[in-house]
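Notes to accompany the following structure.
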Amino acid sequence: MHSRSSIQEYLESNDPGLQALGFDYLIEGLNTGRIRAASRDAGGNWVAHAWVKRGLLYGFRAGKLEELAAAPAPFFDKHTFPLKPLEMNDQVRLVPGGSSIRTGAYVGAGVICMPPMYINTGAYVDEGTMVDSHALVGSCAQIGKRVHLSAAVQVGGVPEPPGALPVIIEDDSFIGGGCGIYEGCIVRESAVLAPGVILTSSTRLYDLVHERIIETGEVPPRAVVVPGSRNKPDSFAREHGIATYVPVIVKYRDARTDAATELESALR
């Protein structure tokens, strides 16, 4: 087992052989979850690890196109990013029907992958999470334990710039169908996003409960967010009844919300 510092040293070397070796060790570390594209520091704050992203970008530059064996249909991609190797003892339910997980992604035990869905390289999907049909977990995204990514959820990938924080969804959050979360947004623990909520790092989030506007690209813990609208103030907009989309916190999670978002144990 190689240390993070030695892997980083290999990747930043001018020796092509050492770079290739460092990339192989990086992918191994990402697959096992020992290395992550982002993690919490000693103060509990999320920090991006730029060297990991630079290593993944090296893999794309160095990769050459080749046929990847994946019955019944062939794939053609960079040879450095085949399908993630999975075995029965990994305890991941990868349901047949067009789903795939790229190598360099960590997928914890008890994760359910409903077809078709896709998890990209550098992503981290923790134990007991549901990735439903047509959901995308973008490169380097960090998904916590027991998260529910409903059908057609799009979790954006942030491979570059290397220092940019990826999208982070913390433990026990429920992301409703068709939601889009992009540009390094953080969804804190046990938050609920109703279907159709779109979040970016520059999206203003209106908190009706605490009468505040959140401009940090962060959803507070246990917040319940729904799609809303805000009237535009100029005369043309008023004349034509034009309003723009805004996400709105309508309440914070309670027992009724917990019951409505609980995953059926039969699915597991």
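The values are calculated or read from the model by the stated rules, or taken from the named source; none is laboratory data. Being a predicted model, the structure only gives us computed values, none of them experimental. Glycine also receives a Cβ, built like all others from the backbone with ideal geometry; neighbour counts cover every protein chain displayed. Keep in mind that these areas ignore ligands, DNA and RNA; they rest on the heavy atoms of the full protein, side chains included. Shrake-Rupley method; radii C 1.70, N 1.55, O 1.52, S 1.80 Å.
Please determine, by comparing only the residues of the stretch 1-41 that are aliphatic (A, V, I, L, M) and part of a loop (DSSP other than H, G, I, E, B), which one is nearest to D171 (Cα to Cα).
Taking the candidates together, the pick is A37.
All but one of (1) out of contact with any strand residue (DSSP E or B) (no Cβ under 7 Å at 6 or more places or on another chain); (2) buried (at least 18 other Cβ atoms within 10 Å of the Cβ); (3) over 15 Å from V250 (Cβ atoms) hold for V187, so report the exception by its number.
Every condition holds for V187 apart from (1).
All but one of (1) assigned to a loop (DSSP other than H, G, I, E, B); (2) buried (at least 19 other Cβ atoms within 10 Å of the Cβ); (3) at pLDDT 95 or above hold for P247, so report the exception by its number.
All conditions are met except number (1).
Does P116 fit the bill of being in a loop (DSSP other than H, G, I, E, B), touching a Leu at 6+ places or on another chain (Cβ under 7 Å) and open to solvent by 30 Å² or more (accessible area, probe 1.4 Å)?
Here the answer is no, as P116 does not meet what is asked.
Report yes if some residue within the stretch 86-102 is open to solvent by 30 Å² or more (accessible area, probe 1.4 Å), closer than 17 Å to G122 by Cα and touching a residue at least 40 places away in the same chain (Cβ under 8 Å); otherwise report no.
no
Name the strands (runs of 3 or more DSSP E) wholly inside the stretch 169-235 in which the number of residues that are among the hydroxyl-bearing types (S, T, Y) is 1 or more. Write out each step before concluding.
Values: elements: 205-207, 212-214, 223-231.
Those strands (runs of 3 or more DSSP E) span 205-207, 223-231.
Which one is farthest from A135 (Cα to Cα), of the residues in the stretch 91-106 that are in contact with a Gly (Cβ under 9 Å, 6 or more places away or on another chain) and of a type outside the set (F, W, Y)? Before you say what the answer is, go through the steps one by one.
Applying the first criterion (in contact with a Gly (Cβ under 9 Å, 6 or more places away or on another chain)) to the stretch 91-106 yields 91-93, 102, 104-106.
So of that shortlist, the ones also of a type outside the set (F, W, Y) come out as 91-93, 102, 104-105.
Values: Q91: 20, V92: 16, R93: 15, R102: 14, G104: 18, A105: 15 Å.
Going through the qualifying residues, I end up with Q91.
Against the conditions (1) crowded, with 18+ Cβ neighbours inside 10 Å; (2) at pLDDT below 95, where does L199 fall short? Just the number, please.
(2)
Does A223 satisfy the condition of being closer than 19 Å to V187 by Cα and in contact with a strand residue (DSSP E or B) (Cβ under 8 Å, 6 or more places away or on another chain)?
yes
Picking from R61, R54, which residue would you name as being among the basic types (K, R), part of a helix (DSSP H, G or I), on the phi < 0 side of the Ramachandran plot and surrounded by 14 or more Cβ atoms within 10 Å (Cβ to Cβ)? Reasoning before the result, please.
Working: R61 fails: surrounded by 14 or more Cβ atoms within 10 Å (Cβ to Cβ).
On inspection, the qualifying residue turns out to be R54.
Which numbered condition in (1) at pLDDT below 95; (2) out of contact with any helix residue (DSSP H, G or I) (no Cβ under 8 Å at 6 or more places or on another chain) is the only one that E218 fails?
Result: E218 passes all but (1).
Which numbered condition trips up V147, out of (1) crowded, with 18+ Cβ neighbours inside 10 Å; (2) closer than 21 Å to L83 by Cα?
Checking V147 against (1) crowded, with 18+ Cβ neighbours inside 10 Å; (2) closer than 21 Å to L83 by Cα, the one that fails is (2).
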